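J.: Sharing a structure here in structure tokens format.
Coordinate-derived values only; no laboratory data. Note that the coordinates shown come from a computational prediction; the quantities given were computed from them, not determined experimentally. When we count neighbours, we look across all protein chains shown, and the Cβ atoms used for this are built from the backbone with ideal geometry, even at glycine.
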Amino acid sequence: MWLGGLSRLEPMPQTGDRHHHSHHQIVLGFEGNAAFELEGEGGDQLSLGNGCLVPTQSDHAFQGLGDNRMVVLDFAVDSLINSSIDHEMLCRLFDRPHYFQLDAQFASLLTAMAREIDQFGFDPHIQQHVSALILHSLYQRLTGRALPGQESLGRFDLPRIEKMISHRLQEKVSVTEMADVCHMSISQFHLRFRQVTGMTPYQYVMKQRLDQAIWLLRCSSHSIADIALETGFSNQSALTHAAKNRTGYSPGQIRKQASAH
């Protein structure tokens, strides 16, 4: 992957697809419409003026609704980042998967950038600069915050974070809240979290939820649907997908295995 970001203009498939990947991704509506579903955020329709942020390893489904083209930006998490695409912004923007609406001025900018990709997308320098411009513009619109300079380090307190997550499995726990607990900036917290756990905060929360769900499947008589809701999954299907990804078994099979022992 080119340092920093890749930008491309492509249609969403008519047959639909579901996957996750090891890089951050921004999907922006440009021409036509596409159905999109983000893990933990539900479904929405993408068209010019809106889009979504997909952090690394976040499960998502998508399908084109007739003729369409979307602007797709990919950002490698662990590669060297060009100075024009700051790591701080990636940490803040991709703290969780979510949808967003944008103003007419950004829609005009996106249209111009999409035309550049369409005409000169073979040039990796064009791809990188388009990615950088869109990323900076999105950052200002979605956060309204300037990038800080060097800040004093706080104390990374994983046990306290785990306690917060376990007490709020049914709720969304944002990276901002976790960073505040440690008195750290979001960027510092995100980097320190990956150093200590080998995961992003979002991945870690999902792991905690799934660990608790598997324990309940093995040790309780709660229905699978109830366990999904108790542990913060949007529905039974989301729990099933996560369980199969982790263990290779469905929740029902996990429960049967526990009963057999």
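J.: If we sort 129-135, 194-200, 30-36 on the protection proxy, mean other Cβ atoms within 10 Å, highest first, what's the order?
T.: 129-135, 30-36, 194-200
J.: Which order results if PHE233, PHE120 are arranged by neighbouring Cβ count within 10 Å, fewest first? Write out the running numbers ahead of the final one.
T.: On the way: PHE233 25, PHE120 12.
Least to most surrounded, the residues fall as PHE120, PHE233.
J.: Sticking with this one: Where Rh denotes the Kirkwood radius from the mean inverse Cα pair distance, what is Rg over Rh for the stretch 158-260? Spell out each step's value before the answer.
T.: Values: Rg = 14.8 Å, Rh = 14.4 Å.
Result: Rg/Rh = 1.03.
J.: Using helices alone, what [θ] at 222 nm do you get for the chain, with -39,500 (n - 2.57) per DSSP H run of 4 or more residues, divided over all residues and rounded to the nearest 500? All intermediate terms of the calculation are to be shown ahead of the outcome.
T.: On the way: 10 runs with 121 residues, N = 261.
That calculation yields -14500 deg cm²/dmol at 222 nm.
J.: Between helix 201-219 and the chain, what is the angle of the helix's C-alpha long axis to the longest principal axis, kept within 0 to 90° and rounded to the nearest 10?
T.: Tilt of helix 201-219: around 30 degrees.
J.: Treat the count of other C-beta atoms within 10 Å as a stand-in for reagent exposure and order LEU142, LEU6 from fewest to most. Can you show the working numbers first?
T.: Numbers: LEU142 15, LEU6 20.
Exposure proxy ranking, most exposed first: LEU142, LEU6.
J.: If I take R0 = 35 Å and measure r between the Cβ atoms of PHE100 and GLN253 in this structure, what FRET efficiency does the formula 1/(1 + (r/R0)^6) give, to the nearest 0.05? Intermediate results must be reported in sequence, preceding the final value.
T.: On the way: r = 38 Å, r/R0 = 1.08.
The formula returns an efficiency of 0.40 here.
J.: Given 0.36 nm per residue, what is the gain on full extension from GLU10 to ASN245 after removing their alpha carbon distance, in nm? Let's see the in-between values first.
T.: Numbers: separation 235, 0.36 × 235 = 84.60 nm, distance 2.76 nm.
So the extension gain works out to 81.8 nm.
J.: Here's something else I'd like to know. So for TYR202, TYR139, fewest C-beta neighbours within 10 Å to most, what's the order? Working shown, then result.
T.: On the way: TYR202 23, TYR139 19.
Going from least to most buried by this count: TYR139, TYR202.
J.: A follow-up question, please. Quick check: the distance between the Cα centres of the stretch 10-74 and the stretch 198-257, to the nearest angstrom?
T.: Here the two parts' Cα centres lie 25 Å apart.
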